[in-house]
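Trainee: For reference, the structure I am asking about is given below.
The values are calculated or read from the model by the stated rules, or taken from the named source; none is laboratory data. Since the model is a prediction, treat every value here as computed from it, not as a measurement. No Cβ is skipped: glycine too gets one built from the backbone with ideal geometry, and neighbour counts run over all protein chains shown. The protein model used for the area step is the full one, side chains on, heavy atoms only, and it has no ligands, DNA or RNA in it. Shrake-Rupley method; radii C 1.70, N 1.55, O 1.52, S 1.80 Å.
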Amino acid sequence: MALPVLLLLLFITIPFSESKLSMEYYKKTCPDFESIVRDTVTLKQMANPTTAAGTLRLFFHDCMVEGCDASILISSNHINIAERDADINQSLSGDALEVVALAKTALELTCPGIVSCSDILAIATRNLVIMVGGPFYNVRLGRKDGKVSQASRVEANLIRSNRTMEDIINYFAVKGFTIEEMVALSGGHTIGFSHCKEFADRIFNYNRTTPTDPEMYPNFAEGLKKTCTNYQTNTAMSAFNDVITPGKFDNMYYLNLKRGLGLLSSDHALVKDPRTRPFVDLYAADQAAFFKAFAHAMEKLAHQGVKTGRKGEVRHRCDAFNFIQS
């Protein structure tokens with residue numbers, strides 16, 4: 001095959017918006033971009049150790065709805081209910097929202113109007129994953145911030161943890177992810193926590209004859225019952241996703257699944273379904289394999305529906321569109 005034809009075919013296989021992203025996008029326009037973000041997230045994570053998990057979840061929720069365009073950061077107003085006020089987003093981390101806002105403020109003082117909020121969120125997520133022990137992965141830059149953020153678009157684009165594995169596999173497939181990539185991304189649950197309402201049915205209302213899921217490790221289930229006793233009145237009650245090493249990014253999540261220590265229904269389903277179990281076994285036995293798969297999946301996630309050129313904007317502040325700011 002002639003070289004020009006080969007190059008043309010390679011170009012065609014790369015989405016146009018993705019082809020505009022670059023590792024050195026801010027090298028000339030904001031050379032201190034990465035160091036400013038790194039310093040900001042380091043201070044925030046040291047002060048609030050749950051920031052890493054919260055930011056990882058925020059990034060996922062952003063990218064899966066309208067693409068990685070920071071639409072999740074927009075605040076609602078009298079004419080629009082934004083994504084972050086959708087029911088499934090009510091428990092998003094305030095620390096995660098704040099770390100992006102802090103980085104944006106610092107960047108606006110150094111290179112105003114240059115760096116997008118979506119790029120800040122993408123690089124902050126990567127840096128925070130590394131800070132808690134996770135793998136490095138490349139983040140190409142040049143995203144623009146979205147101009148739409150509506151709560152009504154969220155529910156159809158995010159999957160609930162109580163859905164069947166068939167539903168979850170199909171959901172990720174529609175978004176362009178393989179089963180292996182889905183299992184690797186699920187490993188993000190090795191850090192962070194979930195609110196009791198997300199898994200209450202497993203410990204209090206499993207079925208008519210058995211209130212607690214019999215496949216959950218008994219002592220673990222009893223501990224969760226004590227933690228979540230008043231979850232209906234105290235909605236902030238929560239439990240760590242990884243009860244063994246909750247603040248460390250490692251492969252313990254997969255080992256926990258095999259021991260009956262999976263917290264969410266979707267977590268436990270990974271070890272039960274024959275399509276996902278081989279990857280659970282692999283990542284439980286080989287942390288390096290998990291890290292490699294997670295890094296690959298995160299690079300892919302970071303290109304989900306990115307906006308470039310006139311399809312987006314560089315916001316002056318991350319919680320409001322430019323055209324409605326006073």
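Trainee: Report the residue count in the range 124-154 for those that are out of contact with any strand residue (DSSP E or B) (no Cβ under 7 Å at 6 or more places or on another chain) and either modelled with pLDDT under 95 or not in a loop (DSSP other than H, G, I, E, B) (or both).
Mentor: 11
Trainee: Taking into account only those residues within the range 291-326 that are over 21 Å from Val139 (Cα atoms) and part of a helix (DSSP H, G or I), which is least open to solvent (accessible area, probe 1.4 Å)?
Mentor: Per the criteria, the residue is Asn322.
Trainee: Answer yes or no as to whether Val271 is within 20 Å of the chain's Cα centre (by Cα) and open to solvent by less than 40 Å² (accessible area, probe 1.4 Å).
Mentor: So Val271 does not fit the description; no.
Trainee: Still on this structure, please answer the following. Search the range 183-230 for residues being among the hydroxyl-bearing types (Ser, Thr, Tyr) and more than 22 Å from Ile159 (Cα to Cα), and hand back the single one that is least open to solvent (accessible area, probe 1.4 Å).
Mentor: Among those that are among the hydroxyl-bearing types (Ser, Thr, Tyr) and more than 22 Å from Ile159 (Cα to Cα), it is Thr212.
Trainee: Identify all residues within the range 41-73 that are of a type in the set (Gly, Ala, Ser) and not in a helix (DSSP H, G or I); write none if there are none.
Mentor: Within the range 41-73, Gly67, Ala70 meet the criteria.
Trainee: Another one. Check Thr308 against each of (1) out of contact with any Leu (no Cβ under 9 Å at 6 or more places or on another chain); (2) in contact (Cβ under 8 Å) with a residue 40 or more places away in the chain and name the one condition it does not meet.
Mentor: (1)
Trainee: Could you give me the residue pairs with C-beta distances under 6 Å whose first residue belongs to the range 176-203 and is among the acidic types (Asp, Glu), whose second residue is in a helix (DSSP H, G or I) wherever it lies, and which are 6+ apart or on separate chains?
Mentor: Correct list of pairs: Glu180/Phe279; Glu181/Ala297.
Trainee: Also, I was wondering about something else. Would you please name the residue that is farthest from Phe323 (Cα to Cα), looking only at residues in the range 74-121 that are open to solvent by 50 Å² or more (accessible area, probe 1.4 Å) and outside any helix (DSSP H, G or I)?
Mentor: Ranking the candidates gives Gln90 first.
Trainee: Could I ask something else about it? Kindly provide the set of residues from the range 261-290 that are under 17 Å from Ala184 (Cβ atoms), of a type outside the set (Gly, Ala, Ser) and outside any helix (DSSP H, G or I), ordered by number.
Mentor: Matches in the range 261-290: Leu264, Asp273, Arg275, Thr276, Asp286.
Trainee: Same structure again: Looking at the range 231-248 only, could you name the residues that are surrounded by 14 or more Cβ atoms within 10 Å (Cβ to Cβ), touching a His at 6+ places or on another chain (Cβ under 9 Å) and of a type outside the set (Asp, Glu)?
Mentor: Listed by number, the residues that qualify are Tyr231, Met237, Ser238, Ala239, Asn241.
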